[in-house]
1. Quick one: Ile195 ticks every box in (1) surrounded by 18 or more Cβ atoms within 10 Å (Cβ to Cβ); (2) touching a Ser or Thr at 6+ places or on another chain (Cβ under 9 Å); (3) part of a loop (DSSP other than H, G, I, E, B) bar one, so which box is it?
2. Within the stretch 303-338, restricting attention to residues that are more than 30 Å from Pro222 (Cβ to Cβ) and within 20 Å of the chain's Cα centre (by Cα), which residue is surrounded by the fewest Cβ atoms within 10 Å (Cβ to Cβ)?
3. Tell me whether the stretch 283-302 contains one or more residues that are surrounded by fewer than 22 Cβ atoms within 10 Å (Cβ to Cβ), closer than 13 Å to Lys245 by Cα and either free of Cβ contacts under 8 Å to residues at least 40 places away in the same chain or among the basic types (Lys, Arg) (or both).
4. Output yes when any residue across the stretch 146-156 is outside any helix (DSSP H, G or I) and either among the small types (Gly, Ala, Ser) or closer than 12 Å to Cys118 by Cβ (or both), and no when none is.
5. For the stretch 347-360, how many residues are of a type in the set (Ser, Thr, Tyr) and not in a strand (DSSP E or B)?
6. Can you name the condition, by its number, that Ile175 falls short on among (1) under 17 Å from Thr23 (Cα atoms); (2) part of a loop (DSSP other than H, G, I, E, B)?
7. Considering every residue within the stretch 253-265, establish whether at least one is part of a strand (DSSP E or B), touching a residue at least 24 places away in the same chain (Cβ under 8 Å), out of contact with any Asp or Glu (no Cβ under 6 Å at 6 or more places or on another chain) and not aromatic (Phe, Trp, Tyr).
8. Specify which of the listed residues (Asp319, Asp344) is closer than 22 Å to Ile210 by Cα, of a type outside the set (Ser, Thr, Tyr) and not in a strand (DSSP E or B).
Amino acid sequence: MIKQSELNIGTLGHVDHGKTTLTAALTHMWTDKHSESIKRSMTIKLGYADATIRKCHSSSIYPFTTDTKCPDGSTPTEILRKISLLDAPGHETLMATAIAGSNIIDAALFVISAAEPCPMPQTREHLMLINALGIKDVIIVQTKIDVVGKEKAKKHYEQIKQFIKGSKISEAPIIPVMANKNINIDALLDEILRIKIPERDLEADPILYIARSFDVNKPGTPIKDLVGGVIGGSVIRGRFKLGDKVAIRPGINTAKDKQKRENFAELVTKIESLAAGSERLESAMPGGLIAVGTTIDPSMTKADGLVGQIMGHVGKLPDSSNTITINYTSLERNDLPKQAFKADEIVLLGIGTGTVVGFVTKVKKNKLEIGTKHTVCVDKAEKVSVLRNYGQRWKLSGFGTLA
């Protein structure tokens with residue numbers, strides 16, 4: 001029995017093009033649960049939802065589904081694959097969250113609405129992101145075709161083909177869907193099943209990017225019944241097992257006056273439980289969102305207090321620091337002026353599953369030294385996104401890896 005998701009698939013695209021609705025059609029779960037997201041009617045934090053792709057052997061017309069039973073309502077379906085969908089923000093000023101999520105994406109659903117001309121501004125930016133980060137397995141999902149009708153949907157399809165011409169995803173399949181009516185979702189599932197599962201290095205020192213953290217204790221719980229904090233995230237490499245002694249960096253700020261200075265100390269804890277959705281695990285490897293029960297004081301994990309940090313075996317994590325040096329790669333953008341970085345320029349960095357404000361301290365050719373407002377811990381294999389401020393708006397200008 002498959003207990004853990006085998007793929008992390010990001011949903012990328014312009015704001016209000018139907019990413020969250022598509023995720024709901026595939027997973028039967030609405031991922032916009034963050035209060036600020038609901039208030040502003042857009043996704044801010046990465047939303048996770050698992051989907052189980054199944055096959056209905058009694059139906060040759062609609063064989064693929066995420067339902068436990070076939071359309072006839074009686075025949076059970078066979079589990080083929082479990083996937084995890086990451087619903088990332090499309091709005092340009094919130095792109096740092098989407099870029100941070102790109103570090104844990106194996107493949108992507110590139111959502112483009114037929115109700116608007118192609119490309120829209122964030123559609124262009126997400127294509128740049130896909131090209132720059134080398135996401136090879138991409139399925140383009142043409143949404144809202146029921147809004148425009150058959151002929152306009154066909155013309156829009158041609159706009160998409162023209163838009164991706166010459167890009168790294170020029171041969172990507174384009175699947176038209178009516179997500180709110182569950183039409184053609186089976187064809188999309190068929191394409192997802194064709195994506196090859198990446199090879200995982202299970203023997204490497206494990207790393208988990210923390211994307212969520214919770215206090216699961218209910219108010220009024222007796223002290224003897226309290227349990228440690230829970231963190232949620234994605235394993236990037238290696239494998240964690242029950243009982244492992246692990247560290248979390250950069251950890252917690254132990255400075256008495258937190259307004260004036262930082263003094264971060266790593267957290268050391270024991271893995272008390274592992275879960276993928278409702279499935280309990282003995283070990284966790286790359287793929288999907290993993291919930292990790294710990295012995296950490298739950299006051300430290302409540303309200304996503306540890307988001308953006310990384311977890312690994314004790315003594316195996318990189319050092320925490322307030323300065324990083326990256327080899328910078330600039331994105332080719334026609335809508336941004338070409339200008340060199342200046343000392344003390346403020347930048348926004350996407351690191352792991354979090355974002356942090358930074359300031360440029362040194363520039364040498366393609367190498368940037370950046371001081372960060374808050375202490376960070378960066379994995380050597382990680383891509384760090386860089387956003388610059390143009391005309392009071394944050395724009396993705398490039399990315400880098402540790403020098």
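1. Going through (1) surrounded by 18 or more Cβ atoms within 10 Å (Cβ to Cβ); (2) touching a Ser or Thr at 6+ places or on another chain (Cβ under 9 Å); (3) part of a loop (DSSP other than H, G, I, E, B) one by one, Ile195 breaks only (2).
2. Selected residue: Gly308.
3. no
4. Taking every residue of the stretch 146-156 in turn, at least one turns out to be outside any helix (DSSP H, G or I) and either among the small types (Gly, Ala, Ser) or closer than 12 Å to Cys118 by Cβ (or both).
5. The number of residues fulfilling the criteria is 1.
6. (2)
7. For the stretch 253-265, residues part of a strand (DSSP E or B), touching a residue at least 24 places away in the same chain (Cβ under 8 Å), out of contact with any Asp or Glu (no Cβ under 6 Å at 6 or more places or on another chain) and not aromatic (Phe, Trp, Tyr): absent.
8. Asp319
The values are calculated or read from the model by the stated rules, or taken from the named source; none is laboratory data. Predicted model, so just to flag it, every value in this text is computed and none were measured. Note that we place each Cβ from the backbone using ideal geometry, even for glycine, and neighbour counts take in every protein chain shown.
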